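The structure under discussion appears below in the form of C-alpha cells.
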Amino acid sequence: IIESSFSPRINPIQEYFKGLPLVDVSSSSPFSLKAIPDLASCVVVRNSNKWLPYLTKWLVAVVANAMDDRECRNHTCLVLTGEQGKFKTTFLDLLCPPALHGYSYTGKIYPQEKDTLTYIGQNLIVNIDDQLKALNKRDENELKNLITCPMVKYRMPYDKYVEEHPHLASFVASVNGNDFLTDPTGSRRFLPFEVLSIDIERAKAISMDNIYAEAKALLNMGFRYWFDDDEIAELYRESEDFQVQTAEMELLLRCFEKPTEDERYSLMTTTEILTYLGIYTHQPLVAKRMGEALKKAGYIKVSKRRNGGSPIYVYKIRKILPCPLLHTCSSQM
C-alpha cells in the first residue's frame, strides 16, 4: 500500500512553506521587513554592512531550494567564524524552524560517505560544526560540489534500489578562529562573517515562521537571491580575511617586493620564482598556489619574448637582497 500509486508523496518541508502566512512586501507598498532585520540585529559581526543583505539572500535561497525538486537554488554556505563560546552553532541551529524539528543535521560531515548524501536529501539545514579547517583538499572540493549539486543518489532503508532525490538542504557552518579558506577560487561558495557577539536569547524569541514568511514573500515577488558577477567578485575580495596563509604567500612576502617605477626589477616566471626559493628552502612549493599568491599580492604579469621565442608570462618583481632565508639556511647547518 505504501508503494502504491494511490499513496500520494508528502513533502513536509514544502508543506510547511506553503502553509506560511502571507506577508505583503510587494513593490507597490513601502518595502518593510521586520523579522529578518530583527534576527540579523541579534548578531554583531565585523563586516556588518554585508550581514543583513547576505543573510536575506541566503534565507530566500533556502525557500527557493526547498521548493524546487529539480535544481539546487542555494549555492552558498553561511559561515560564522570567531572565538569559541559565542553561540555560533546555537544561532545556526535556530535557522531550522521548530515546526521542522528533525529536519536538520548538526555535526561533522564526510563527503565521501553515503550518509552525507542522505543528510542533503532529507534535511532543510545541514550545520557543519567546526570542521571546515580540518577538511583535506579532496573533501574540500567534494563539499563545494555537494553544496551545488542538483540531485543526490542514495538508497533509503528497506528500499531495494538506489534512487535519485532532490537536493533539499542548505548549508551553514561554524569555525573557531577565522582562517579556513585554502582555495581562493572556491571562496564564492562561502559567506563568512566574523562574529563579535550574539544575543542568543533575543534570537530564540524571534519566530522563525515569520522569518521564512518574509523570505517566501520576497521569493514570490522576484527577489534576486543569487549573486551576480559583480557580487561574486566582491565575495572574492571579502574572503581574503578568511584565507589560510599559504607557504607560497609567506615566502613571497618575505623574499620579494613590488618595485616602484624608479627601481630595478627582474622579470621572472612562476617557475623561476620557485626555483630561486628552492635554493634557500626545502619546503615543497606549488606553482598554482604561487600564482595565486602573486595575483593576490598585486604583482603585474606581462607577456614577453625571450631570445626570439614564443611569448611567456613573467612578473615584474624585485628580490630582497641578501635573501632573508639565508639566516635560516645557515642556522640549520
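Checked against (1) surrounded by fewer than 22 Cβ atoms within 10 Å (Cβ to Cβ); (2) under 16 Å from R189 (Cα atoms); (3) modelled with pLDDT under 95, C72 meets all criteria but (1). Of the candidates A61, A99, the single residue that is at pLDDT 95 or above and surrounded by fewer than 21 Cβ atoms within 10 Å (Cβ to Cβ) is A99.
Of the helices (runs of 4 or more DSSP H) lying entirely inside the stretch 253-333, those containing at least 2 residues that are touching an Asp or Glu at 6+ places or on another chain (Cβ under 6 Å) are 287-296. Looking only at the stretch 293-309, residues that are farther than 13 Å from K258 by Cα and either modelled with pLDDT of 90 or more or touching a strand residue (DSSP E or B) at 6+ places or on another chain (Cβ under 6 Å) (or both) come to 4 in all.
All of E164, E113, E142, E83 fail the test of being within 27 Å of A233 (Cβ to Cβ) and of a type in the set (D, E, K, R), apart from E142.
So for the stretch 255-266 (the condition being in contact (Cβ under 8 Å) with a residue 40 or more places away in the chain, over 25 Å from A61 (Cα atoms) and outside the structural domain of K296 (by TED's automatic domain parsing)), does at least one residue qualify?
Applying the first criterion (in contact (Cβ under 8 Å) with a residue 40 or more places away in the chain) to the stretch 255-266 yields 255-259, 263-266.
After this cut, where a residue has to be over 25 Å from A61 (Cα atoms) as well, the list is 255-259, 263-266.
Checking which are outside the structural domain of K296 (by TED's automatic domain parsing) leaves us with none.
Looking through the stretch 255-266, none of the residues is in contact (Cβ under 8 Å) with a residue 40 or more places away in the chain, over 25 Å from A61 (Cα atoms) and outside the structural domain of K296 (by TED's automatic domain parsing).
If you go through the stretch 281-303 and keep only what is exposed (fewer than 11 other Cβ atoms within 10 Å of the Cβ) and either in contact (Cβ under 8 Å) with a residue 40 or more places away in the chain or among the basic types (K, R) (or both), you end up with just G298. In the stretch 268-281, the condition of being under 29 Å from the mean Cα position of the chain (by Cα) and either outside the structural domain of Y236 (by TED's automatic domain parsing) or modelled with pLDDT of 90 or more (or both) is met by at least one residue. Being assigned to a helix (DSSP H, G or I), within 22 Å of the chain's Cα centre (by Cα) and either of a type in the set (A, V, I, L, M) or buried (at least 19 other Cβ atoms within 10 Å of the Cβ) (or both), is that true of even one residue in the stretch 225-233? Yes - at least one qualifying residue is present in the stretch 225-233. For the criterion of being in contact (Cβ under 8 Å) with a residue 60 or more places away in the chain and in contact with a Ser or Thr (Cβ under 7 Å, 6 or more places away or on another chain), I206 fails.
The values are calculated or read from the model by the stated rules, or taken from the named source; none is laboratory data. On a predicted model such as this, the values are computed, not experimentally measured, just so you know. Don't worry about glycine lacking a Cβ; one is built from the backbone with ideal geometry, like all the others, and counts go over all protein chains shown.
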